[in-house]
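Here is the structure we will look at, set down as structure tokens.
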Amino acid sequence: RSLPFNNFRAGFSFAIPPFGQIRARSYLILGSLATVGAEAEWLDENLPPFGVLDAPVADAEVSGTVPLHGWVLDNKGVAAVELIIDGGTPIPLTYGASRPDVCAVWPGYPGCASGNVGYGGSFDAGALTPAESGHVLEVKATDSHGNQRVIARQRVYLAD
């Protein structure tokens with residue numbers, strides 16, 4: 001027996017232009033209603049932050065005071081962002097810079113109501129010892145529930 005096919009798209013107006021994109025985080029949870037509920041609750045509480053390091057770019061040659069910036073989001077709110085160079089002592093970065101471009105892509109996250117999800121800071125490349133293999137920069141973000149993630153890891157080299 002054939003069943004009618006209903007094209008609901010024709011009945012609704014979408015705010016996505018032709019060939020537009022949607023970015024989202026999605027998870028497949030299988031099981032009973034109790035299992036799905038428990039897993040979804042755990043996921044909501046334990047999702048670590050995510051984000052990007054915009055500058056310096058990977059494999060950049062750096063010298064002097066090096067500006068560093070990017071963005072980070074989390075479903076529970078971002079509590080701290082830190083820079084770690086070559087596994088050393090974390091350097092606190094300032095969180096809360098305006099990044100409306102990020103919130104246009106990821107609306108609904110805490111911080112996006114104001115658009116202030118950017119971070120920034122700097123480090124002194126002159127304090128680093130020359131190394132042929134370069135230096136590894138890591139940006140670690142922590143949310144308000146203590147969940148952490150290294151959101152960026154890249155190598156930079158000292159300029160001659």
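Tabulated data for the structure shown
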item	result
Gyration tensor over alpha-carbon atoms, the chain, equivalent ellipsoid semi-axes in Å	39, 20, 15
Environment charge at I91 (Cβ cut-off 14 Å; Lys +1, Arg +1, Asp -1, Glu -1)	-3
Accessible-area composition of the chain, carbon plus sulfur, in percent [1.4 Å probe]	56 percent
DSSP bridge orientation in the chain - percent antiparallel, rounded to nearest 5	95 percent
Cα-based helix-to-principal-axis angle, 33-46 vs the chain, degrees rounded to 10	20 degrees
Distance from the range 18-57 to the range 99-160 (C-alpha centre basis), Å	20 Å
Computed [θ] at 222 nm, deg cm²/dmol, the chain (DSSP H ≥ 4; -39,500 (n - 2.57); rounded to nearest 500)	-3500 deg cm²/dmol
Burial ranking of peptide ranges 142-153, 27-38 (average Cβ count within 10 Å, highest at the top)	142-153, 27-38
Accessible area per residue, Å², the chain with all protein chains present, probe 1.4 Å	64 Å²
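The values are calculated or read from the model by the stated rules, or taken from the named source; none is laboratory data. Predicted, not measured: the structure shown is a model, and the values here were computed from it. Heads up, the Cβs are rebuilt from the backbone with ideal geometry, glycines too, and the neighbour counts pull from every protein chain shown. Calculation scope for accessible area: heavy atoms of the full protein, side chains included, ligands and nucleic acids excluded. Shrake-Rupley method; radii C 1.70, N 1.55, O 1.52, S 1.80 Å.
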